[in-house]
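To keep things clear, I will list the structure first and then write my remarks on it.
Every number here is computed from the coordinates shown, using simple stated rules; none is lab data. None of the values given here were measured: they were computed from a predicted structure.
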Amino acid sequence: MWILLALLSSFFAALTSILAKVGIEGVNSNLATAIRTGVVLIMAWGMVFVTNAQGGILQIGRKSWLFLILSGLATGASWLCYYKALQIGDASKVVPIDKLSVVITLILAFLFLHEEFSIKSLIGCVLIGTGTLFMVL
């Protein structure tokens, strides 16, 4: 099931880039990011209430709150940078560079989460990095 969800995530992320590129034409990128974030906020809280998960908020510990807030700040920074880059650059170049996050995530997961970094992961990182350079140059 996680593979299907990951594939759907990839599809919606791709769709997001195309829709955003069209939508930000003539709109301040920070304003566009705020509008997108508002929609995501409504969707996310809607899912919380549809699935009746709102009661779990009281069980969230301090560490989880801290890291969820930091994650939110990182997401906000990412989206602000992404929308500005998308507004002034070509989607076909901005998106591959943005997807270098896959390589960075693998490296950070190895360093901080002590996840396995195999030869397969290394080859994948090199191929993604090379492919990204090939696409944007």
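Quick one: among Ala20, Ala53, Ala77, which has the greatest mean-square fluctuation in a GNM of the chain with alpha-carbon springs under 10 angstrom?
Result for the chain, Cα springs under 10 Å: Ala53 fluctuates most.
With only alpha-carbon atoms in the gyration tensor, what are the semi-axes of the equivalent ellipsoid for the range 56-137, in Å, largest first?
Square roots of five times the eigenvalues give 28, 22, 7 Å.
Taking springs between alpha-carbon atoms closer than 10 angstrom, which of Thr37, Thr51, Thr75 fluctuates most in the Gaussian network model of the chain?
Comparing Thr37, Thr51, Thr75 in a Gaussian network model of the chain, the most mobile one is Thr51.
Which value in Å is the Kirkwood Rh of the chain over different Cα pairs?
Value: 17.4 Å, from the Cα pair sum.
Can you compute 3J(HN,Hα) from phi for each residue in the range 126-137, using the Karplus curve 6.51 cos²θ - 1.76 cosθ + 1.60 with θ = phi - 60°, rounded to whole Hz and x for Gly and Pro?
Couplings: 5, 5, 5, x, 5, x, 5, 4, 4, 6, 9, 8 Hz.
Could you let me know the centre-to-centre spacing of the range 98-137 and the range 44-83, using Cα atoms, in angstrom?
Answer, in whole Å: 25.
Enumerate the lysines that Lys84 could reach by cross-link, defined here as Cα to Cα under 22 Å, with residues fewer than 8 away along the same chain left out.
Partners within reach: Lys21, Lys93, Lys99.
Taking H as built 1.01 Å from N, whose amide H comes closer than 5 Å to the amide H of Lys99, not counting residues under 5 places away?
none
Give a residue-ordered list of calculated ³J(HN,Hα) values for the range 37-42 (Karplus: 6.51 cos²θ - 1.76 cosθ + 1.60, θ = phi - 60°; whole Hz; x for Gly, Pro).
Running phi through 6.51 cos²θ - 1.76 cosθ + 1.60 with θ = phi - 60° gives 5, x, 5, 4, 4, 5 Hz.
Please tell me the relative contact order of the chain in percent, rounded to the nearest whole number, where contacts are Cα pairs under 8 Å and at least six residues apart.
So the answer I get is 28 percent.
Once phi is turned into ³J(HN,Hα) by the Karplus curve 6.51 cos²θ - 1.76 cosθ + 1.60 with θ = phi - 60°, what whole-Hz value does each residue of the range 73-87 show in order, with x for glycine and proline?
5, 5, 4, x, 4, 4, 5, 4, 5, 4, 5, 5, 4, 5, 5
How much length, in nm to one decimal, is gained on full extension between His114 and Ala53, taken as 0.36 nm per residue of separation minus their Cα-Cα distance?
18.9 nm
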